[in-house]
Each structure stands twice: as C-alpha cells, then as structure tokens.
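Asks: Handing you a structure now.
The values are calculated or read from the model by the stated rules, or taken from the named source; none is laboratory data. Since the model is a prediction, treat every value here as computed from it, not as a measurement. Cβ sites come from the backbone with ideal geometry, for glycine too, and all protein chains shown count toward neighbours. Heavy atoms of the whole protein, side chains included, go into the accessibility calculation; ligands, DNA and RNA do not. Shrake-Rupley method; radii C 1.70, N 1.55, O 1.52, S 1.80 Å.
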Amino acid sequence: MKVLHIPYGSPMIDLCHALQKQGIKATACHFTSNRYQFQPDMCLNLEQLSINDREQKLSTFLEQAIKEYDIFHFHFGESFFPDKRDLEQIKKAGKKMVMHHHGSDVRIFSIARKMNPYIRVKPEWTEKKIRQNLDTLSNYIDHAIVQDYELYAYIQPYYKEIHVIPHTLDVNQIQPAYPEAKQAPLVVHAPTRRDLKGTDHIVKAVNQLKREGYHFHFQLIEGMTYEQTKELLAQADIVIDQLRIGAYGYVSTEAMAFGKPVICYLRRDVMKKYPSGLPIINADPGNIKKVLKDLMTSPHKWKELGVKGRQYVEQNHSQEAVAKQYIHIYQKLL
C-alpha cells in the first residue's frame, strides 16, 4: 500500500511518519517551500518556477504519482490543481482518494455562528467558495476526515463517510518540561492568524494584568520557524491557544506534550465529544483575564495540569493509536 499526502502542513508530515512506522509507504509532499521550514519527504518547490512551468511540472508529477501510488490523501480541501481537474483523472485510473479537512477550508460562518458567538473565519474562504469546493470534492471523493466534531457539521451533508480522528504527534520526540512555581512565569501564545485566534483579547488581558501589578513574561510566537516555536513551548509555563474557534488544535497538543497547562476556548458540545481526561482550561474573549490571572496565581496547579496533559496526549494522539485508525480507512478503500 502506497499513499501520497499533499499538499502541505506539519500535521501531514507527522501523520506520514506515524504511518511509515506502521509499515505503510506514505509520502508527505509539499508543492512549495514554507517559512516554517517544515521538512516533508518531498518538495516540488513550485514557487521557483513560472506559472506555465508549474502547470507542466504538476501534470508530469501527477502522471507519475498515478502509476506509483494506490491512495491519494489530500489535505485542506486542495488537490493538484485549483480547478480540481485532477480528481477525474485519478478516479478514472482506478486510484482511491480521501480528503482531510483541517479548519478554515470548511468552516462555514452561517453555520458556525449558530453554535459559537466568538467565531471568526478567514475572509478568503467565503461561504460560496467553501460550498462549491465541497460540492466538487464530494463528487469524486466518498471519504472525508476531520480531527474533531467542531468541523463535522460543516461537511456532514457532503460526504458519504466522515471519520473523526485526532491529529497525531510523535510524543517520543518531545520531552516534557513541567513548570515549577516561580515569581514571574512565562506565558506564550502562538497565533497563525490573530483575528481567528482572539489574540487582541489576550494581549489586552495581559496588559491589564501587568498594569495591576502581576509579574509575568508574555511572548507572542509569530514569524518563527517550527523549531523555534517548539523551543518556546518547551520554555513556557502557561500556553494560550485560541479564544474563538471552539476546539483545540496542534498548538494545544504540542503544549500538552511538553507538559504545559493550556488555556483554550472549547465549545461545550464539542468538549463533550473529546475523550475523558482533557485538562485544557476553558476561556473565551470575555473571561480570559480572570482565567489567566487565576492560573498564574495558582502555581501549585501548573505541574498537575501539565502531567495530565502529557498523559492525555500519550493516550489519544500517539502515533501508533492514530495511525491504526487511518490504516483501517485505507483498507476499506482498497
């Protein structure tokens, strides 16, 4: 069984590594290089080519991939070409496909706002664009994957089968560094998009607490490589993920793997669907100041929360456990 994953992202790379350890010939392929300096198995470096040369290189690579791979595992609602013309070619060749949605590629605002008053969406992913994309994808692809039930409702009307599988992390590559009580803890927040993550509310709360005399350090993780981000997560005492989306993401998972207490907004209905033992502290734009203050002034809780977080990740995001769920789907396809 040979599986090609495209087009980009750190979660995709970690998933391929997990599959490889289970004996699956999985390849993580990026079309372009990236500022985070992720290291996929293969990168086409299309940004170095003219538009015409990009098309030609992708077409040639697609023809080769159809000959070599059994399953095409697409991510973020994308495939080889923006118009998705490759999907028909792949299907006619008898190859199998699965689409893996990760967030903004399916988060429809009119649906989300009924369940979440804090939600924001990327403006470039309009509702019309998302629906048209899902219509096209589901015409050729029967199986879709999402990482939690926050995303489930958006794609439920489209695909024949939807699988909810948590993202995976190589926990063995992350050594926990549990926080100890100190006078000035380090609080970090890593926004990919400030508006989507509620960063302004976090910064406002931080500034208010500092003016009130609370002693702590605050670090925004922006414009850094993946390795630099992990270094700061390892050094942190408290990690704030996001205050708007309603589900925890990759930053929370990595922070828990490092043994850090995590603050993140979780929708109540989504929270009920997670496995038991999730130690994330819930906060939203309206109460982030109080939640952060309470946690900073309770240093005796930091290590306890960190240990619980590490255990949760080991139990629910380990490569072996997660990879087996994907392999089960692949076997159903073939």
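Asks: Roughly speaking, to the nearest percent, how much of the stretch 5-117's 1.4 Å accessible area is carbon and sulfur?
Replies: C and S fraction of accessible area: 48 percent.
Asks: Could you work out how far apart the two model spin labels at Thr297 and Met115 are, taking each label as a point 7 Å from the Cα in the direction of the beta carbon, and quote it in nm?
Replies: Placing both labels 7 Å beyond Cα along the Cβ direction yields 3.5 nm.
Asks: Using Cα positions and a limit of under 21 Å, work out the lysines in reach of Lys129, with same-chain residues fewer than 8 apart set aside.
Replies: Lys84, Lys114, Lys160
Asks: Which of the aspartates and glutamates could a cross-linker bridge to Lys21, judged by Cα under 19 Å and excluding same-chain residues fewer than eight apart?
Replies: Asp41, Asp70, Asp170, Glu314, Glu320
Asks: Tell me, what is the percent relative contact order of the stretch 96-217, built from C-alpha pairs under 8 Å that lie six or more residues apart? Show your work: numbers first, answer last.
Replies: Working: 111 pairs, mean separation 28.8, N = 122.
Relative contact order for the stretch 96-217 comes out at 24 percent.
Asks: Calculate the FRET efficiency for Lys21 and Arg211 from the Cβ-Cβ distance with a Förster distance of 45 Å, rounded to the nearest 0.05.
Replies: Numbers: r = 50 Å, r/R0 = 1.10.
Calculated transfer efficiency: 0.35.
Asks: Right, something else. Hey, could you pull the Cα Rg and Dmax for the stretch 128-174, both in Å?
Replies: 13.4, 42
Asks: Calculate, in nm to one decimal, what His328 and Gln56 gain on full extension: separation in residues at 0.36 nm each, minus their alpha carbon distance. Before the final figure, lay out the partial values.
Replies: Values: separation 272, 0.36 × 272 = 97.92 nm, distance 3.46 nm.
Roughly 94.5 nm would be gained on extension.
Asks: I've got another one for you. Under the 0.36 nm per residue contour assumption, what length would be gained going from the current alpha-carbon distance of Asp142 and Gln311 to full extension? Can you show the working numbers first?
Replies: Working: separation 169, 0.36 × 169 = 60.84 nm, distance 3.43 nm.
Length difference between fully extended and current span is 57.4 nm.
Asks: Considering only protein heavy atoms, what is the solvent-accessible area of Arg193 at a probe of 1.4 Å, reported in Å² to the nearest 10?
Replies: Per-residue accessible area (Arg193): approximately 80 Å².
Asks: Calculate the spin-label point distance for Lys122 paired with Lys273, positioning each point 7 Å from the Cα along the beta-carbon direction, and give it in nanometres.
Replies: 2.1
Asks: Can I ask one more? Given the stretch 36-114 reduced to its alpha-carbon atoms as identical point scatterers, what log10 I(q)/I(0) does the Debye formula return at q = 0.17 Å⁻¹?
Replies: Calculated log10 I(q)/I(0) at the listed q: -0.83.
Asks: Is it possible to state the helix-based mean residue ellipticity at 222 nm for the chain, with each DSSP H run of 4+ residues giving -39500 (n - 2.57), the sum divided by total residues, to the nearest 500 deg cm²/dmol? What is it?
Replies: Values: 14 runs with 144 residues, N = 334.
Estimated from H runs of four or more residues: -13000 deg cm²/dmol.
Asks: Further question: Straight-line reach only, C-alpha to C-alpha below 22 angstrom: list the lysines that Lys293 could link to, leaving out same-chain residues fewer than 8 apart.
Replies: Correct list for Lys293: Lys182, Lys197, Lys204, Lys210, Lys260, Lys301, Lys303, Lys308.
Asks: What's the longest uninterrupted piece of the chain once you rule out the GluC sites (Glu not before Pro) that are loop residues per DSSP with at most 16 other Cβ within 10 Å?
Replies: Values: sites that count: Glu124, Glu180, Glu212, Glu222.
It runs 1-123.
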